[in-house]
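Read through the structure below, which is laid out as structure tokens, and then see the notes.
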Amino acid sequence: MSCILIFPPSCSLPAPDVYARIDISCNLHKQKHQKSSLRARTSVIIFNETFFFHLAEPVAGTCTVLVSVYEMSSRARGSSRQLIGQAVLGKRSPSEANDHWALMMQSVQQPVAKWHPLLL
């Protein structure tokens, strides 16, 4: 997954760290998830990490990938996270994301790169 987050200059720094979480759901049931490493929040944040999920072939076509980006803030009583945005790939996603998913299913073990906006 390659992801670039750009924050407007008006954002006050220092700010909480940021990470991405990738969830795999098949037939509306959460199956697996992985998290990226924490990144210090600056005006431009770049994630460039690879995540592998092994899914049975008949099930893979019914799966959805949810990429969520969170701010992680530490407070006196522990830490909390706040959602920045999400992108969805898979059968139940918008048409452009669905097209990307179809390409990924046809290109097994080959990377298929495409940019998707994070939605709130």
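The values are calculated or read from the model by the stated rules, or taken from the named source; none is laboratory data. Please read these numbers as outputs of a predicted model, since none were measured by experiment. A quick note on method: Cβ atoms are made from the backbone with ideal geometry, for glycine too, and the neighbour counts reach across all protein chains shown.
Restricting attention to the stretch 20-71, report how many residues are in contact with a Cys (Cβ under 9 Å, 6 or more places away or on another chain), hydrophobic (A, V, I, L, M, F, W, C), assigned to a strand (DSSP E or B) and without any contact (Cβ under 8 Å) to a residue 60 or more places away in the chain.
7
Residue under question is residue 36, and the condition is that it be of a type in the set (Gly, Ala, Ser) and either at pLDDT below 80 or touching a helix residue (DSSP H, G or I) at 6+ places or on another chain (Cβ under 6 Å) (or both); does it hold? Give the derivation first.
Details: of a type in the set (Gly, Ala, Ser): yes; either at pLDDT below 80 or touching a helix residue (DSSP H, G or I) at 6+ places or on another chain (Cβ under 6 Å) (or both): no.
No, not satisfied.
Here are some conditions: (1) outside any loop (DSSP other than H, G, I, E, B); (2) surrounded by 13 or more Cβ atoms within 10 Å (Cβ to Cβ); (3) at pLDDT below 85; (4) not basic (Lys, Arg). Residue 74 meets all but one. Which one does it not meet?
(2)
Write out, first by first residue and then by second, each pair whose Cβ atoms fall under 6 Å of each other, whose residues are 6+ apart or on separate chains, and whose first residue, in the stretch 95-120, is surrounded by 15 or more Cβ atoms within 10 Å (Cβ to Cβ) while the second is among the charged types (D, E, K, R).
100/114
Out of 67, 88, I need the residue that is β-branched (Val, Ile, Thr), closer than 26 Å to residue 27 by Cα, at pLDDT 85 or above and in contact with a helix residue (DSSP H, G or I) (Cβ under 7 Å, 6 or more places away or on another chain). Which one? Explain how you work it out, then say what you get.
Working: 67 fails: in contact with a helix residue (DSSP H, G or I) (Cβ under 7 Å, 6 or more places away or on another chain).
88 is the lone residue from the list that is β-branched (Val, Ile, Thr), closer than 26 Å to residue 27 by Cα, at pLDDT 85 or above and in contact with a helix residue (DSSP H, G or I) (Cβ under 7 Å, 6 or more places away or on another chain).
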